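Taking it in order: structure first as structure tokens, then the write-up.
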There are 2 protein chains.
Amino acid sequence: MAADKPIKWRLAETWPAGLPIYSEGSHEFAEEVKKMSNGRLIISIDSANKHKAPFGVFDFVKTGQYEMGHSASYYWKGKDINTLFFTTMPFGMITSERFAWYYYGGGAELAKKVYGEYGITQYPGGNGGNQMGGWFKKEINSLDDIKSLKMRIPGFAGEVMSKVGGTVVNIPPGELYTALERNTIDALEWVGPAMDLRMGFHKIAPFYYTGWHEPGSGLQYMVNDKAFDKLPADLQEIVKSAMKNSAFNISNKMTNAHAENWDLIKKEYPGIKIKTFPPEVMSALKEANKELISDLEEKGGLTAEIVESQREYMRKARAWTNISDKAYLDN
Amino acid sequence: MAADKPIKWRLAETWPAGLPIYSEGSHEFAEEVKKMSNGRLIISIDSANKHKAPFGVFDFVKTGQYEMGHSASYYWKGKDINTLFFTTMPFGMITSERFAWYYYGGGAELAKKVYGEYGITQYPGGNGGNQMGGWFKKEINSLDDIKSLKMRIPGFAGEVMSKVGGTVVNIPPGELYTALERNTIDALEWVGPAMDLRMGFHKIAPFYYTGWHEPGSGLQYMVNDKAFDKLPADLQEIVKSAMKNSAFNISNKMTNAHAENWDLIKKEYPGIKIKTFPPEVMSALKEANKELISDLEEKGGLTAEIVESQREYMRKARAWTNISDKAYLDN
């Protein structure tokens, strides 16, 4: 059964070596491809420690230096603003809604228009779930409290926070704990209990805010189109199937790890308080988000098409979520 | 590449031919296996119209008459009460929690203990989402209203309903519309908008109640262990991968169809009212459910082990759901 010589592919991931769940996920993906192809397609993985360019993954795949990447679409918004929408958006779709939109509500077709230009096809690569709003040293009781807040919150959500008056700072992950401990920053968002536990923020910040800014953060696989087209049809199907499984596995593993780690944090630090921004702050964030998205929409073309697709899909999907999971959880 | 002679398998599904999403799902599964295996494993599917035994699927797979089945675990509770827990439970886990429990929280290992006895391995085969409480012709304002209610609600949920005083009747799917129209029954539960739309219940019952009884109904694939063991390792992996993809696809497709169809129903029948049972009724249902589960737990052994595993997992997972998706949806 074994082919004369295996096809060898390389995958660059944005993650550092050994990052739980995300990096595990891409390694499990490669292992599954190997098993299903009976060793005919071997994918080796370079973590950021190796290729030294966590935010170079898009270019690696575009140029074909790597056949594949595992990353998150919104990292490429500086290259192409239309990539922004394929991870998560503040006040946007939750995980179940986003997957439904992507696979059955037009998302994949829009992603093809965006990434096709670069000779890349992108696929969902897992979802981290509804991210927590972050760890805060002080309670937020008003919009004024936001105005005196110095917070690490990157990307588009950071733009929203900045628009309502917050001071947004960028600090490398390795320095975050110290920055929070020494009050260089007052707050930071990371992921949720699954990833936050090992960072230790719960030891130094007593308020854990619920999320608004990344309600279902989708990772991505990227595949170089030319490399993919050269594969025999059965290996193409195997790669696609293993990527989809990986998206599902990572999402389920994140739900599990959030649940387990939140339980641990609560037990060890029973003083941690779950908080939600007061309505005044939420309204201001929603309004700022709406304005920033309107600005994007005014670019017209594909950007406006994606914004409208997500808005219309979310209208329908949220109506369903509200009468199903939400109504159930409320009672 | 092609093997001399393809391996041929047969899958029996509980569904009637052409049932949207569920039957589509098993057909897509077979197609994916064919593509990934380059035609080395061909799985043909018999719907209930063909094999005439929608509830004979378990025995078909057990005896090896069919290598695989696509069905729902709770249909086998009469054969083995422990199969009950692998679909959904009243007031139990929602879809995301159930998948996390199954794949990473001990569910798969427990399923192996239950089904292993019969020479079957069961795998998740999709999830229909949080099912609606059903279509009601009259509003439910008190426990007394339940006591005068005649409702089609099968299975364990029906036992709960019966325990609080409702009259539970069993009517074949094809006769449900007429029974509701002619007031032979006052209410019925089916699935949710995805499947309810084509049944037309919204034309004759104005109250659509939110769910409590099937908060994330998991389908299943069953595989005959002897048949599986005979497959070469790469085909084993291909079958497992395609089943997991199918579970993910069906779940996402259901979310999409619920959203789309609920939007249609609302537009065409704007008079439909979404209702939730009053607290008095909910409390009684919860209490009845708790007592019925306690009765099961008293059997001890594997039954008690599964009940405890689900209870403990749900405690942790729900705490996470509450501070993530629920908190987000509330604001």
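Listing B:Ser324, A:Ser294 from fewest to most neighbouring C-beta atoms within 10 Å gives A:Ser294, B:Ser324. Taking the centroid of alpha carbons for each part, the range B:236-259 and the range A:164-191 are 39 Å apart.
Computing Rg and the Kirkwood Rh from the Cα coordinates of the range B:229-298 gives a ratio, Rg/Rh, of 1.25. Anisotropy class assigned to the range B:139-256 is prolate, per the alpha carbon gyration tensor with a/c at or over the 1.5 cut-off and a/b larger than b/c. How would the range A:144-199 be classified by its alpha-carbon gyration tensor: rounded, prolate or oblate, with rounded meaning a/c under 1.5 and the a/b versus b/c comparison settling the rest? The shape class here is prolate. By counting other Cβ atoms within 10 Å of each Cβ, how are B:Asp325, A:Asp229, A:Asp234, A:Asp144 ranked from fewest to most? The most exposed by this proxy come first: A:Asp229, A:Asp144, A:Asp234, B:Asp325.
Working note: Karplus 6.51/-1.76/1.60 with θ = phi - 60° gives the range B:51-65 the couplings 7, 6, 9, x, 9, x, 4, 4, 5, 4, 6, 4, 7, x, 4 Hz, where Gly and Pro are set to x. The distance from the alpha carbon centre of the range B:1-35 to that of the range A:290-331 is 35 Å, rounded to a whole number.
State the number of lysine pairs found in the range B:194-261 whose Cα atoms come within less than 25 Å, restricting to pairs 8 or more positions apart or on distinct chains. Going through the range B:194-261 pair by pair, I get 7. The phi torsions of the range B:195-210, fed into the Karplus equation with coefficients 6.51, -1.76 and 1.60 and a -60° offset, translate into couplings of 9, 6, 3, 5, 7, x, 4, 5, 7, 10, 9, x, 10, 10, 8, 6 Hz, rounded to whole numbers, with Gly and Pro shown as x. Across every direction, the projection of the convex hull enclosing the Cα atoms of the protein assembly as shown has a mean area of 29.0 nm². Rg/Rh, computed from the Cα trace of the range B:50-189 with Rh as the Kirkwood radius, has the value 1.02. Bridge orientation summary for the protein assembly as shown: considering DSSP beta bridges with both residues in this region, about 45 percent are antiparallel.
Phi angles across the range A:323-331 convert, under the Karplus curve 6.51 cos²θ - 1.76 cosθ + 1.60 with θ = phi - 60°, into 3J(HN,Hα) values of 8, 10, 4, 5, 4, 5, 5, 6, 10 Hz, Gly and Pro given as x.
Dipole magnitude of the range A:1-152 about its Cα centre, charges +1 at Lys/Arg Cβ and -1 at Asp/Glu Cβ only, in debye to the nearest 20?
340 debye
In nanometres and ascending order, the distances from the A:Val169 label point to those of the other copies are 7.0 (point 7 Å from Cα along Cα→Cβ).
When B:Asp144 is represented by a point 7 angstrom out along its Cα-to-C-beta vector, the spacings to that point in the other copies are 5.4 nm, nearest first.
For the pairs A:Lys316/B:Lys273; A:Lys290/A:Lys326; A:Lys77/A:Lys137, flag any whose C-alpha to C-alpha distance is greater than 21 Å. Could the numbers behind the result be given before it?
On the way: A:Lys316/B:Lys273 17 Å; A:Lys290/A:Lys326 24 Å; A:Lys77/A:Lys137 31 Å.
Violating the 21 Å limit, Cα to Cα: A:Lys290/A:Lys326; A:Lys77/A:Lys137.
Counts of other chain beta carbons within 10 angstrom of each beta carbon in peptide A:259-266 average 5. For chain B, the share of DSSP beta bridges that are antiparallel, to the nearest 5, is 45%. Approximating the spin labels as points 7 Å out from Cα along Cα→Cβ, the A:Asn331-to-A:Lys273 distance works out to 3.3 nm.
Note that chain A shows a convex hull volume over its alpha carbon atoms of 141 Å³ per residue. Projecting the Cα atoms of B:Tyr104, B:Gln131, B:Tyr118 onto the charge dipole of the range B:91-172, computed from C-beta unit charges around the Cα centre, puts B:Gln131 farthest toward the positive end.
Using packing as a proxy for protection, rank A:217-228, A:173-184 so that the peptide with the highest average count of other Cβ atoms within 10 Å comes first.
Highest-to-lowest ranking by the protection proxy: A:217-228, A:173-184.
With its label point put 7 Å out from Cα toward Cβ, B:Pro270 sits 5.4 nm from the same residue's point in the other copies, in order from shortest. Across peptide B:95-103, the mean count of Cβ atoms from other chains lying within 10 Å of each residue's own Cβ comes to 6. Here the chain A residue lying nearest the rotation axis onto B, judged by its C-beta and given with the distance in whole angstrom, is A:Phe248, 2.
Footprinting exposure proxy ranking of B:Met254, B:Met195, fewest other C-beta atoms within 10 angstrom first, gives B:Met195, B:Met254.
None of the figures in this text is laboratory data; all of them are computed from the coordinates on show. Please read these numbers as outputs of a predicted model, since none were measured by experiment. No Cβ is skipped: glycine too gets one built from the backbone with ideal geometry, and neighbour counts run over all protein chains shown.
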